[in-house]
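This report refers to the structure that appears directly beneath it.
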Amino acid sequence: MDGDITNRITVPLNEVDINKEGTYRVRYYVEDSAHNGSWSGRKVTVTTATISSIKVWPKWTDPGVAPDMGNYAEATWSDGNVTGEGVVWDKIDPKLYATPGNTFTVHGKVRGRDVSTTVTVRGEAPTIAVESVAISGDGLKDGAITLRTGDTVTLKATVKPDDATKKTVSWSSSSNYIASVDGEGKVTANKVGTATITASAGGKNASVTLTIPDRFSDVPNGKAFHDEIEWLAANKISQGNSDGTYGYGKTLSRQDMAIFLYRMAKLEKIEGAESFIPTESDYKRFADVEQGSFAAKEILWLAKTGISQGSNGRFNGTAQLTRQDMAIFLYRFAKLAGSKSATDFTPTEEDYAKFKDVKQGSFAAKEILWLASERITLGNSDGTFGGNSKLSREAMAAFLYRIHNHLAK
């Protein structure tokens, strides 16, 4: 053929039967306008098989060079045959192959079915340096933030420019003891003090100063039971006084103890504590606990659960709590919370040797000695427990903190 436009195609032989599987011959004659002709033929296969899978191959190209996608894919048919099939590829945006190291996906069609493959541009992608890291978050001002123990805040790090190569942010604290930070920038205030929280990315960093102050003016850092009192407040078991003090050195009333234990019960998720509402029958337990009276709900929860039984039909909420009464309350509380050691405890001779003033048969001996066996109480320096002594608010904080840790084992 001389390349002239085709003028005539004659098909003298066509054996194809589209209703019957098989391979057929087709013979045809092509002639151009100058009457130059040529014979050719094809074999045509008719099958009911369907395409099971189509294989295309990843491509490579140089920067600025349109990739050669090729025209064929490998089709595997349901009858096991493998054939080469034509592919029609989508148009490719030149921006995709302009940058070294870029990898992108190209989509196409094979016999109406979707196919895709990847194209990788040779060369290394350019490195875009991080220019700055900035930290933001609720309560942050002039690079400083203040939290109370137990509080949390989530900080956000912004890396510039937006298209920087190494934008992954890592967080760190100068003292995990004082304040910890996770991989998402969530900061937890653990102890009173100062810590520096730093966000780093691509060789740049930003820092904020976190201050965790003393919660109560009469409990400065370093004072005995400081951390236990902070824990008590962080968990909303005690809110302290309206003047900003905790009441360090003061004694604890029975009704205050009821409030503390009820809040502890909710913290420990003791069944029924959260939903407890006193009934008329509950209000008949104590002559001195009426509807609307201070700590009525908490006192009646103690009675309902058997932690407190009162005395002579009264609870005596304003009376000062003794250390031995505290031992009884805490022992019963631990049993209610599921402490196996409390349930199974029987004092031994070794237990009775721990305190000079706790003898076999003495009031609250079992409860006191269980506390000692779990190191919830250590007693006094003179070897006594001091069961009749009034309980101080700071000692109560220590006991509740230790009970919490015991139950968490």
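The values are calculated or read from the model by the stated rules, or taken from the named source; none is laboratory data. From a predicted model like this one, the values you see are computed outputs, not experimental measurements. Methodologically, a virtual Cβ is constructed for each residue, glycine included, from the backbone with ideal geometry; neighbour enumeration extends over all protein chains shown.
Here is how the numbers come out for the structure above:
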read-out: Which numbered condition residue 211 misses (of (1) touching a residue at least 60 places away in the same chain (Cβ under 8 Å); (2) in contact with a Leu (Cβ under 6 Å, 6 or more places away or on another chain); (3) within 30 Å of residue 399 (Cα to Cα)); value: (2)
read-out: Filter result (buried (at least 17 other Cβ atoms within 10 Å of the Cβ) and either in contact (Cβ under 8 Å) with a residue 40 or more places away in the chain or on the phi > 0 side of the Ramachandran plot (or both)) within the range 327-367; value: 327, 329, 330, 331, 333, 334, 336, 337, 339, 364, 367
read-out: Residues that are among the polar types (S, T, N, Q) and at pLDDT 95 or above, drawn from the range 115-137; value: 116, 117, 118, 120, 132, 136
read-out: Those residues of the range 278-296 which are of a type outside the set (A, V, I, L, M) and either part of a loop (DSSP other than H, G, I, E, B) or closer than 21 Å to residue 393 by Cβ (or both), in sequence order; value: 278, 279, 284, 285, 286, 288, 290, 291, 292, 293, 294
read-out: Residue list for the range 92-146, filter: without any contact (Cβ under 8 Å) to a residue 24 or more places away in the chain and of a type in the set (D, E, K, R); value: 93, 95, 109, 114, 138, 141, 142
read-out: Conditions (1) surrounded by fewer than 19 Cβ atoms within 10 Å (Cβ to Cβ); (2) more than 21 Å from residue 285 (Cβ to Cβ): number failed by residue 323; value: (1)
read-out: Candidate set: the range 352-376, residues that are aromatic (Phe, Trp, Tyr) and out of contact with any Gly (no Cβ under 9 Å at 6 or more places or on another chain); chosen: the one nearest to residue 409 (Cα to Cα); value: 370
read-out: Some residue of the range 56-70 being free of Cβ contacts under 8 Å to residues at least 24 places away in the same chain, within 30 Å of residue 105 (Cβ to Cβ) and either in the same structural domain as residue 111 (by TED's automatic domain parsing) or loosely packed, with under 11 Cβ neighbours inside 10 Å (or both); value: yes
read-out: Elements of type strands (runs of 3 or more DSSP E) contained in the range 162-236, each with 2 or more residues being under 24 Å from the mean Cα position of the chain (by Cα) and among the basic types (Lys, Arg); value: none
read-out: Positions within the range 368-403 being touching a residue at least 60 places away in the same chain (Cβ under 8 Å) and either in a loop (DSSP other than H, G, I, E, B) or not assigned by TED's automatic domain parsing to the domain that holds residue 241 (or both), in sequence order; value: 385, 386, 387, 388, 389, 391
read-out: Filter result for residue 260 (over 30 Å from residue 272 (Cα atoms), aromatic (Phe, Trp, Tyr) and over 22 Å from the mean Cα position of the chain (by Cα)); value: no
read-out: Pairs, first within 16 Å of residue 267 (Cα to Cα) in the range 217-236, second part of a helix (DSSP H, G or I), C-beta under 6 Å, six or more apart; value: 228/397; 228/398; 228/401; 229/397; 231/401; 232/397; 235/267
